[in-house]
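First the structure, in the form of structure tokens, and then the observations on it.
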Amino acid sequence: FLILGLILFGLGETLLITANVGVSPWTVLAQGLSVKTGYSIGITTFIVSISVLCLWIPLKQKPGIGTILNTIIISVVIDVSLPHLPSPELFVLQMIQVFIGVLIVGLGSGFYLIANLGPGSRDGLMTGLQKMTNLSIALIRTIIEISAVIVGWYLGGVVGIGTVVFALGIGPFVSAGLFFVGRYIK
């Protein structure tokens with residue numbers, strides 16, 4: 001479940017990149033870092049993941065093998081799949097690809113979170129903040145995504161309609177992914 005979920009997550013992220021109408025907030029951040037450093041988006045995604053892990057310390061979150069594999073696999077899947085996924089030119093097809101990408105990220109999150117082998121850095125931040133605040137996962141995730149996009153945009157990452165769809169939709173899609181995997185797969 002863990003590996004499948006991480007591969008799906010990485011593919012969903014890459015679908016957003018290749019849709020060319022704005023990427024997920026964390027990828028905006030990775031793009032901004034890529035612009036500043038010249039590294040690939042996969043490498044800067046890895047750097048962002050490690051940085052977010054540092055935010056776990058005050059939340060008393062504990063990493064697991066899933067945390068480590070998340071950091072590595074998603075970064076690799078992005079760099080490996082990027083040249084092979086479609087880049088539609090019609091706006092309607094780009095938006096369909098964005099929605100499919102967000103759906104796949106949510107489903108992938110459901111798979112690797114249900115494996116219970118340690119959340120990814122962003123999800124550990126999300127669940128740690130949820131435990132600390134008692135706010136909903138959807139609200140916490142949305143706040144985190146909006147914060148990442150602001151910093152990424154400031155660094156030079158690209159923001160578009162795909163970014164907005166992801167930032168507003170990822171909380172509900174992660175919740176749906178957890179429900180689907182927990183009820184029908186596990």
**Whole-Å distance, taken between Cα centres, linking the stretch 152-170 and the stretch 46-109** = 14 Å
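With Cβ to Cβ distances under 15 Å as the rule, what net charge do the other residues near Gly101 carry (K, R +1; D, E -1)?
Working: positive: none; negative: Glu13, Glu145.
Residues close to Gly101 contribute a combined charge of -2.
What whole-number value in Å² describes the accessible area per residue of the chain for a 1.4 Å probe?
On the way: 8770 Å² over 186 residues.
Roughly 47 Å² per residue, with all protein chains present.
Once you order the gyration tensor axes a ≥ b ≥ c over the Cα atoms, which shape class does the chain get: rounded for a/c under 1.5, otherwise prolate or oblate by comparing a/b with b/c? Kindly include the intermediate steps, with their values, before the conclusion.
Values: a/c = 1.44, a/b = 1.23, b/c = 1.17.
Note, shape of the chain comes out rounded.
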**Message:** Computing the accessible area with a 1.4 Å probe over protein heavy atoms, can you report the carbon and sulfur percentage for the stretch 42-186?
**Reply:** 75 percent
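The values are calculated or read from the model by the stated rules, or taken from the named source; none is laboratory data. Computed from a prediction, not measured in an experiment: that's the story for all the values here. Don't worry about glycine lacking a Cβ; one is built from the backbone with ideal geometry, like all the others, and counts go over all protein chains shown. Surface accessibility is based on the protein's heavy atoms, side chains included, excluding ligands, DNA and RNA. Shrake-Rupley method; radii C 1.70, N 1.55, O 1.52, S 1.80 Å.
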